[in-house]
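Here is the structure we will look at, set down as structure tokens.
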Amino acid sequence: MLIPENVHPSWDEFLTNDRKEEVNVIFDEVKQDFTPSDPKLVLRFLERDLNEVKVIWLGQDPYPIEGKASGRAFEDATIKDWTDKVIGKSIKNVIRSIYRMENNIENYKDVKTYKKIQKEIKNGTFNIKPPKEWFNSLENQGVLFLNVYFTCQVGRGKAGTHRDEWKDFSSKLLKYIDSNNPNIIWFLWGNPSRKIGDIMQFNNIYESRHPAYQNKASGTDILDFEGFRGTKTMINWLGE
């Protein structure tokens with residue numbers, strides 16, 4: 001069963017009996033070998049109060065490598081510390097973008113490499129919470145880390161393998177979120193998320209290239225992303 005036990009009442013109108021049956025059908029279709037490996041994590045967002053959500057990071061689907069997917073978009077469950085040797089490009093560049101905002105760095109070229117920022121994290125100069133605490137803090141402050149597709153097959157090159165199964169459910173979900181909390185600010189990173197934003201016509205959006213693909217010449221690079229600056233009065237992006 002993919003629906004959590006502690007669903008928040010703010011989702012009750014969405015989770016009709018037909019919708020629950022839809023999830024059961026999807027589970028029957030994908031239950032052979034998927035990520036996140038723990039079914040309780042797949043739809044974990046349903047435990048959050050939709051009325052308290054301020055910002056949504058809209059991802060695509062979970063990490064296909066076993067053990068990495070946590071049920072939160074962009075979170076790699078294997079990362080224990082920001083100084084770990086193996087950290088994906090996406091989250092590295094997100095941290096660099098937050099670093100730029102927190103330090104009021106005007107020029108793109110002056111943003112430090114992630115390796116240099118790691119040193120500042122280690123010596124306490126850049127005081128950001130450790131990864132798991134950081135994601136927990138942002139979530140508790142009202143950030144929802146939402147994927148559009150909630151499972152995929154396990155293995156390298158398997159990203160996107162369950163999109164057909166989830167696309168109808170996700171379309172209804174996004175419409176429900178937008179109609180019940182139209183004040184949410186959406187972070188749309190990469191063309192797939194931006195296309196969804198165009199279709200849904202969300203009220204409040206910040207856009208950029210996907211953080212994995214840094215390119216100043218694009219004009220929409222994650223290091224130039226204004227979303228963190230635009231929401232810093234409502235979210236402490238270093239973690240509380």
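Only the coordinates and a few stated rules stand behind these numbers; no lab work does. Computed from a prediction, not measured in an experiment: that's the story for all the values here. No Cβ is skipped: glycine too gets one built from the backbone with ideal geometry, and neighbour counts run over all protein chains shown.
How much net charge surrounds LYS167 when only the other residues with a Cβ under 12 Å from the Cβ of LYS167 are counted, with Lys and Arg +1 and Asp and Glu -1?
-3
Could you compute the net charge surrounding TRP82? Neighbours are other residues with a C-beta less than 12 Å from the C-beta of TRP82; K and R count +1, D and E count -1. The partial results should precede the final answer.
Working: positive: LYS80, LYS85, LYS92, ARG96, LYS115, LYS119, LYS122, LYS129, LYS132; negative: ASP76, ASP81, ASP84, GLU120, GLU133.
The answer is +4.
Counting other C-beta atoms within 10 Å, and keeping those with at most 11, which DSSP coil trypsin sites (Lys or Arg not before Pro) do you find in the stretch 32-95?
On the way: sites: LYS40, ARG44, ARG48, LYS54, LYS68, ARG72, LYS80, LYS85, LYS89, LYS92; in loops: ARG48, LYS54, LYS68, ARG72, LYS80, LYS85.
Here the trypsin sites (Lys or Arg not before Pro) that fit, given the DSSP loop and packing criteria, are LYS80, LYS85.
Return the distance in nm (one decimal) between the two label points of a simple spin-label model at LYS232 and TYR213, each offset 7 Å from Cα along Cα→Cβ.
Taking the two extended label points, one gets 2.9 nm.
Once fully extended, how much extra length lies between ASP18 and MET1, figured as 0.36 nm per residue of separation less the alpha-carbon to alpha-carbon distance?
On the way: separation 17, 0.36 × 17 = 6.12 nm, distance 1.49 nm.
So the extension gain works out to 4.6 nm.
What is the Cα radius of gyration of the stretch 73-201 over 2.2 N^0.38 Å, N being its residue count? Intermediate results must be reported in sequence, preceding the final value.
Details: Rg = 17.0 Å, N = 129, 2.2 N^0.38 = 13.9 Å.
Rg over 2.2 N^0.38 Å, computed on Cα atoms: 1.22.
For the chain, what does the helix formula give at 222 nm: sum of -39500 (n - 2.57) over DSSP H segments with n ≥ 4, over the residue count, nearest 500 deg cm²/dmol?
-10500 deg cm²/dmol
What is the gain in length, in nm to one decimal, between ASP84 and ARG163 on full extension, counting 0.36 nm per residue of separation less the C-alpha to C-alpha distance? Please list the in-between numbers first.
On the way: separation 79, 0.36 × 79 = 28.44 nm, distance 3.10 nm.
Stretched out fully, the ASP84 to ARG163 stretch lengthens by 25.3 nm.
Note down the magnitude of the dipole of the stretch 1-147 about its Cα centre, charges +1 on Lys and Arg C-beta and -1 on Asp and Glu C-beta and zero elsewhere, to the nearest 20 debye. The partial results should precede the final answer.
Values: 23 positive and 25 negative charges, 258 e Å.
The dipole magnitude comes to about 1240 debye.
What are the extents of the Cα atoms of the chain along their three principal axes, in Å, largest first?
Largest to smallest, the principal-axis extents are 53, 36, 33 Å.
Take every DSSP beta bridge whose two residues both sit in the chain, then give the antiparallel share in percent to the nearest 5. Write down the numbers at each step before the final one.
Values: 3 of 17 bridges.
Bridges in the chain are about 20 percent antiparallel.
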